[in-house]
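This report concerns only the one structure given below.
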Amino acid sequence: MAEIRSLDGLAEQTAAARLYRSVFGYTAPEWGLSPRLLAALRENSGTVIGAFGEDGTLIGFCYGFTAVEAGEIYHYSQAAVVAPGAQGGGIGRRLKQAQAAAARGTGARSMRWTFDPYALRNAHFNLAVLGATGIRFHPDFYDEPGTDRVVVSWDLSGAPVTRTGKGGSVVTPASDRIAAPDPADRSRLRWQLADHFGAGRRLVAVTRAGDAVTYTFENGEP
């Protein structure tokens with residue numbers, strides 16, 4: 001079983017930066033991740049956590065930092081990556097759980113991160129496996145076309161997740177990734193997501209059945 005722990009020293013931080021670029025396919029210098037940044041995060045209430053195989057090789061990695069909104073302390077998970085050969089074995093879930101445990105130690109009551117709402121496996125992992133809830137939709141989150149993101153919040157209190165089932169849904173043609181070959185279809189889906197989030201609803205599930213994918217929302221707290 002993989003060992004999950006905080007990274008220790010420049011060599012491990014450099015390995016994490018290398019894994020990050022490899023998994024995401026980043027080649028341009030501006031997409032790099034500084035090992036020095038990871039060291040600073042580790043020493044200042046951030047999380048820099050790795051998963052190590054039996055031979056000591058780094059096979060997974062996540063990092064994040066403490067953030068505040070309206071007086072509420074939460075932990076923001078910037079990225080989590082797992083080497084292709086280690087995916088599907090629960091490494092991502094264990095990394096998130098270790099990150100959550102570290103976040104609780106800083107006083108955070110929740111953890112947030114973003115995901116691509118058109119990537120079905122990511123949506124399932126975040127909403128169904130972890131039990132997080134989509135709270136906001138940001139078109140072009142990174143100020144680039146094609147970077148739409150949903151912000152999720154994950155309650156760290158350990159309280160059971162309850163879903164009201166009231167809030168509506170969005171149905172779109174199915175694919176492994178909702179790429180919407182027709183630009184008009186993708187634009188329509190984007191508008192629908194923005195409309196639901198703009199009305200104060202929260203995304204609680206993304207499910208696939210046959211030739212359709214359903215985005216299920218519930219009404220926010222009154």
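The values are calculated or read from the model by the stated rules, or taken from the named source; none is laboratory data. Quick caveat, the model's predicted, so the values are computed rather than measured. Note that each Cβ is placed from the backbone with ideal geometry, even for glycine, and that neighbours are counted across all protein chains shown. For the accessible areas, the whole protein counts, side chains as well, though only heavy atoms, and no ligand, DNA or RNA atoms are used. Shrake-Rupley method; radii C 1.70, N 1.55, O 1.52, S 1.80 Å.
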For segment 6-17, state whether one or more residues are assigned to a strand (DSSP E or B) and closer than 18 Å to residue 101 by Cα.
yes
Among the residues of segment 18-43, what is the count of those that are farther than 11 Å from residue 79 by Cβ, open to solvent by 70 Å² or more (accessible area, probe 1.4 Å) and either assigned to a helix (DSSP H, G or I) or at pLDDT 95 or above (or both)?
9
Hey, any hits in segment 85-105 for a residue that's assigned to a helix (DSSP H, G or I), touching a helix residue (DSSP H, G or I) at 6+ places or on another chain (Cβ under 8 Å) and more than 23 Å from residue 199 (Cα to Cα)?
yes
Right, residue 167: part of a loop (DSSP other than H, G, I, E, B), surrounded by 13 or more Cβ atoms within 10 Å (Cβ to Cβ) and either at pLDDT 90 or above or of a type in the set (Phe, Trp, Tyr) (or both) or not?
no
Qualifying positions in segment 8-17 - charged (D, E, K, R) and open to solvent by 70 Å² or more (accessible area, probe 1.4 Å):
8
Any residue at all in segment 107-122 that is open to solvent by 70 Å² or more (accessible area, probe 1.4 Å), farther than 24 Å from residue 18 by Cα and assigned to a loop (DSSP other than H, G, I, E, B)?
yes
